[in-house]
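Q: Quick one: this structure, given as C-alpha cells, is what I'll be asking you about.
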Amino acid sequence: MTDAIYWFDLAGVGVFALSGALAAARNKMDIVGFFVVALVAAIGGGTLRDLILGQTPVFWIHDPSYLYVCLGVAGFTFFWAHKVASRFKILVWADAFGLALFAIIGTQKAIDLNLNIPSALMMGVLTATAGGIIRDILCAEIPLILRREIYALAALAGSATFLAATHLELPSSTALILSLAATMIVRGPAIQFGWSLPTYNKNS
Amino acid sequence: MTDAIYWFDLAGVGVFALSGALAAARNKMDIVGFFVVALVAAIGGGTLRDLILGQTPVFWIHDPSYLYVCLGVAGFTFFWAHKVASRFKILVWADAFGLALFAIIGTQKAIDLNLNIPSALMMGVLTATAGGIIRDILCAEIPLILRREIYALAALAGSATFLAATHLELPSSTALILSLAATMIVRGPAIQFGWSLPTYNKNS
Amino acid sequence: MTDAIYWFDLAGVGVFALSGALAAARNKMDIVGFFVVALVAAIGGGTLRDLILGQTPVFWIHDPSYLYVCLGVAGFTFFWAHKVASRFKILVWADAFGLALFAIIGTQKAIDLNLNIPSALMMGVLTATAGGIIRDILCAEIPLILRREIYALAALAGSATFLAATHLELPSSTALILSLAATMIVRGPAIQFGWSLPTYNKNS
C-alpha cells in the first residue's frame, strides 16, 4: 500500500469512527460505549475481511494508530457531539469518501491474494459496509443499509471499477481516482436527493 | 467430500438463502438487504466454523458458486416472495433437509481434523444453526431457535449419528442416510405438530 | 499458563456461563437457548480474541472442559434459575472476579505474542467483555456495558496492572494479585454503590 493510501485509510477510519460515536450519542451511551461503537464501526469491516481471508493477526494489531484515531474521535465526540451532529451534510459526504476508500482497500487486499472476481468484490463491499452493520446491531437497530440506503451498491461500484482498472493495468493513481468517482456517482444522488432503492412491499 | 455431497451442499445453501430472503421480505428490505440476509443465513454458519477451526480463507472464497446461488435466490425472492412465502410447508421441510446436510458437513470437517467428540458435535450444530441465528440478529429479532423450536437438537441428532456411523466405519452413503433420518425424526414432529421444548417460565 | 490459572479460568467460564443462562431465563428461552447463551457469554470473548490473533483452532476446541462447564451450568440454571437469580449480590462479585481473570488471561496471551501495549490492553478488555456484549445482542438488548456500567474500565485496570507488573518482572503470583485487586478497586464501588459513568445526554 502506498503512503498516500495509508493516510487516506486512517482518514476513513476517523470518519467511520465518528459515525459510530454519533450513534453512541443517539443512544445516550457512556464514554466506554462511545469508544466501543466507534471502534467497531471503524475497524469492524476490515477485521472481518482479514479473518475471512486468514490474514491474522488482523491489520490493527501491529499498528496502534487505528486504535488511537478511534480513541481520539470517541473522546472528542463524547464532549462535542452536539457540535458535529449528523445534520451537517459534510459528514455524510465524508462518510461516502470513507466508503469509497475502504472498498478500494478491501479490493486491493483481494487482488494481492489473487482471489476470483466475485470474492474480490465481496471483500471490497464487506470492508466498506460490515463495520456499519455491526455498529447498528450494537445499537439494537436493523442495519440501515439493509432497508433504504443506496450504500452497499456504491461500495460495489467502487470495488468493481478498481478491479477493472487493475486488470487493465491503469496507473494506480488513475485507478484510485476512477474508483472514488464511481462510488461518488452512485452515492452522491442518494445523499443529495434522498434517493433509495425500492423495498419489498407486497402482501405475502 | 464426494460429488453428491457438494451438490447437496449447494442445495442446502439455496434453501437457507431462501430463509434469509424471506426474512428480508418480512422486514421490507431492499434488494441489497435481501442479498445480505440471504448470504448470512446460507454461509454464516460454515464461515464461523471455518474461522474457529482456522480453515482460512473460508470455504466460499475459492468457489464463487456459493455466492451465485445466494445472489440468484435473493433476486428471485425479491420479485416473487409472495409466491414462495413461508406458509408453504414444503419450504420448512426443505429447511430441515438443509439443516441435516449442514450438520453432516460440519461434522465431517471436524472428523477430517481429528477433533474430540464434543467439539465435533459443536461444529455440526454450529454449521447448521449459526447462519440462522445471525440472520435473526440482522433482523433485530431474538433468534427463534433460542426460544421455541426443536431445531438445534435436530442438528445435534444428525451430527451425533454421523459421528457414530463414522466411528463404526459404516459406508459413507449409509452414514449419510442414517444421519439425514435422525435429523428428520427429531425435526419432523416439531414441524408437523408444532411441538416445541418447554421454556423457562418461573418467577424469579 | 500455570495450573492455578487454568482452574481459575474454568471458574470464570462458569460464572460467565451463569450470567448467560440467567439472561436466557429472563428471556424465557428453552434449554437449547440456555446452553447457547451460556456458551456465548462464557467463551465468546476468548474466541474472538483467538480469531483476531490468528490462534486457531480456538482455545476450547482441544479442551472440551469449557463446553462441559457451560453445559452443566446451563442445565442447572434451567431448572433452578429462580434460586440463583441475579438479585444475589454474591453473583455480581463472582462476575467481577471472572472479569478480572479473563482480562489477565487475555493480556497474558498478548504478552506471549509480544504485542504492543495498546493491542495487549485491547486483548485483555476484549477477552473480558466481548462475551457479555454478544450475550446481550443475542437477547436483542443494547449491551449494558455500553450504557451505564463501570465494567470495561475495570477490565482495563486489571489488564494495565498485569502488563505493568509483567514489564517490571514481578513474580507472577504478585502480578496476579495486584491485577485482581486493580479490577476489584474499580468495579467494587460500582457494585456496592451503583456508581456509573456519566452518559451522553445533550440535545443535538
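The values are calculated or read from the model by the stated rules, or taken from the named source; none is laboratory data. Keep in mind the model is a prediction, meaning the values are calculated, not measured. FYI the Cβ positions are ideal-geometry reconstructions off the backbone, even for glycines, and counts take in every protein chain you see.
Q: What's the number of the condition C:A25 fails, among (1) at the interface with another protein chain (Cβ under 10 Å from one of its Cβ atoms); (2) free of Cβ contacts under 8 Å to residues at least 60 places away in the same chain?
A: (2)
Q: Looking only at residues in the stretch B:184-194 that are outside any loop (DSSP other than H, G, I, E, B) and at pLDDT below 85, which one is farthest from the other protein chains (Cβ to nearest Cβ)?
A: If we take residues in the stretch B:184-194 being outside any loop (DSSP other than H, G, I, E, B) and at pLDDT below 85, then B:Q192 is farthest from the other protein chains (Cβ to nearest Cβ).
Q: If you don't mind, there's one more thing I want to ask. Consider C:A155 carefully, then state whether it is part of a helix (DSSP H, G or I), of a type outside the set (S, T, Y) and away from chain A (no Cβ under 14 Å).
A: So C:A155 does not fit the description; no.
Q: Could you list all residues from the stretch A:53-75 that are at the interface with chain C (Cβ under 9 Å from one of its Cβ atoms) and part of a loop (DSSP other than H, G, I, E, B)?
A: Result: A:G54, A:Q55, A:T56, A:P57, A:V58, A:W60, A:I61, A:H62, A:D63, A:P64.
Q: When you check C:A130 against the structure, is it out of contact with any strand residue (DSSP E or B) (no Cβ under 6 Å at 6 or more places or on another chain), within 10 Å of chain A (Cβ to nearest Cβ) and not in a helix (DSSP H, G or I), yes or no?
A: no
Q: Let me ask something additional. Among what's in the stretch B:28-40 and is in contact (Cβ under 8 Å) with a residue 12 or more places away in the chain and under 18 Å from B:W80 (Cβ atoms), pick the residue that is farthest from the other protein chains (Cβ to nearest Cβ).
A: Here the answer is B:A38.
Q: For the stretch C:163-204, how many residues are closer than 25 Å to A:A24 by Cβ, in contact (Cβ under 8 Å) with a residue 40 or more places away in the chain and of a type outside the set (G, A, S)?
A: Total satisfying the criteria: 6.
Q: Out of all the residues in the stretch A:59-78, is one or more of a type in the set (G, A, S) and buried (at least 22 other Cβ atoms within 10 Å of the Cβ)?
A: yes
Q: Okay, moving on. Could you please let me know if C:L115 is under 26 Å from A:T56 (Cβ atoms), outside any helix (DSSP H, G or I), out of contact with any Lys or Arg (no Cβ under 8 Å at 6 or more places or on another chain) and within 13 Å of another protein chain (Cβ to nearest Cβ)?
A: yes
Q: Name the one entry in C:L197, C:L176 that is within 14 Å of chain A (Cβ to nearest Cβ), under 21 Å from the mean Cα position of the chain (by Cα) and either surrounded by 14 or more Cβ atoms within 10 Å (Cβ to Cβ) or more than 17 Å from C:F97 (Cα to Cα) (or both).
A: Result: C:L197 is the single residue among C:L197, C:L176 that is within 14 Å of chain A (Cβ to nearest Cβ), under 21 Å from the mean Cα position of the chain (by Cα) and either surrounded by 14 or more Cβ atoms within 10 Å (Cβ to Cβ) or more than 17 Å from C:F97 (Cα to Cα) (or both).
Q: Restricting attention to the stretch B:19-52, report how many residues are assigned to a helix (DSSP H, G or I), modelled with pLDDT under 90 and not small (G, A, S).
A: 4
Q: Which one of these is out of contact with any His (no Cβ under 8 Å at 6 or more places or on another chain) and at pLDDT below 95: C:L121, C:L176, C:L163?
A: Unique residue meeting the criteria: C:L176.
Q: Another question about this same structure. Based on this model, can you work out whether B:V13 counts as modelled with pLDDT of 90 or more, within 18 Å of B:P64 (Cα to Cα) and within 10 Å of chain A (Cβ to nearest Cβ)?
A: So B:V13 fails the test.
Q: Considering only the stretch A:135-158, I want to know if a residue exists there that is within 22 Å of A:T47 (Cα to Cα), at pLDDT 95 or above and not aliphatic (A, V, I, L, M).
A: yes
Q: Of the residues B:G131, B:G124, which is closer than 28 Å to C:A140 by Cβ, crowded, with 23+ Cβ neighbours inside 10 Å and in contact (Cβ under 8 Å) with a residue 60 or more places away in the chain?
A: After ruling out the rest, the residue left standing is B:G131.
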